[in-house]
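Notes to accompany the following structure.
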Amino acid sequence: MVEVLKGLHSMDHSEAGNHQMESWILDCDDCLILIDGGMRQKALDNIEAELREMSKEWADVSLILITHKHGDHIQNLARLVELTGAPVKAHELEAPLIKEAVGVYVEGLEDKAVLGYCGGIEVIHVPGHSEGNACYYLPALKAVIAGDTIFGDDEGNINPPPERYCLDVDQATKEIKRLLDYEFDHILFTHGKDIMGDAKAKVQELVDRFC
Ligand SMILES: [Zn+2]
């Protein structure tokens with residue numbers, strides 16, 4: 001079990017030869033939220049194992065949040081909905097695209113919407129990687145779930161997402177600055193080493209590099 005911050009569990013679904021592929025479970029008193037669901041059976045197995053270690057089961061998952069529409073984040077979604085019965089939410093520009101890709105209903109969220117769970121979870125729309133790419137801000141933990149908005153490496157360096165994965169790499173790079181409107185110490189990435197502690201200064205450096 002990997003609990004990176006109180007109630008926030010990180011799982012790495014990478015397989016031999018693949019880059020890191022993280023998703024998360026957020027566990028607070030009244031809910032259990034899965035953020036992104038991976039793309040293969042291994043991710044399903046990892047999530048199930050994590051839930052079991054938390055003494056939870058699939059049916060305890062009360063919400064699935066998705067950062068964006070790319071396959072490594074949503075390919076398991078239909079199966080996850082079957083297993084959990086949980087509603088799925090994503091940014092309003094991304095929701096119909098995810099529905100089209102995997103055939104499950106996805107409720108759209110507006111930029112800056114605050115979900116009333118776990119001390120409030122705020123949607124931060126950062127377009128460019130995809131249309132409705134979103135980060136989720138967890139003020140109670142002073143953490144940002146960044147998904148693919150920023151890519152890390154194994155050494156703790158951070159960069160904008162690579163052009164080949166982006167709808168519009170210039171926009172994806174320029175809009176990272178939206179994160180600086182929030183107070184956070186930690187930032188967690190799908191790909192690459194998370195930054196735990198003093199993360200906002202690192203993101204500020206990243207933004208300054210591309211100004
Ligand atoms: Zn992506």
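Throughout, read-outs are computed from the coordinates displayed, never taken from laboratory work. In this text the structure is predicted, and so the values were computed from the model without any measurement. No Cβ is skipped: glycine too gets one built from the backbone with ideal geometry, and neighbour counts run over all protein chains shown.
The table that follows gives values for the structure above.
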read-out	value
Sparsely packed GluC sites (Glu not before Pro) within region 83-166, loop by DSSP, other Cβ within 10 Å at most 14	110, 155
DSSP bridge orientation in the chain - percent antiparallel, rounded to nearest 5	70
Chymotrypsin sites (Phe, Trp or Tyr not before Pro) within region 90-145: DSSP coil, no more than 15 neighbouring Cβ in 10 Å	105
Those residues of region 16-37 whose amide nitrogen sits under 19 Å from the label point placed on residue 3, 7 Å along Cα→Cβ	23-35
Pairs of Cα atoms farther than 16 Å apart, region 140-211, %	42
Cross-link pairs beyond the 27 Å C-alpha cut-off, checked among 69/177; 6/193; 174/202; 42/193; 56/200	56/200
Relative contact order [Cα under 8 Å, 6+ residues apart], region 54-211, whole percent	16
For the chain, alpha-carbon Rg and Dmax in angstrom	15.6, 47
Excluding exposed DSSP-loop trypsin sites (Lys or Arg not before Pro) (at most 12 other C-beta within 10 Å), longest clean stretch of the chain	7-111
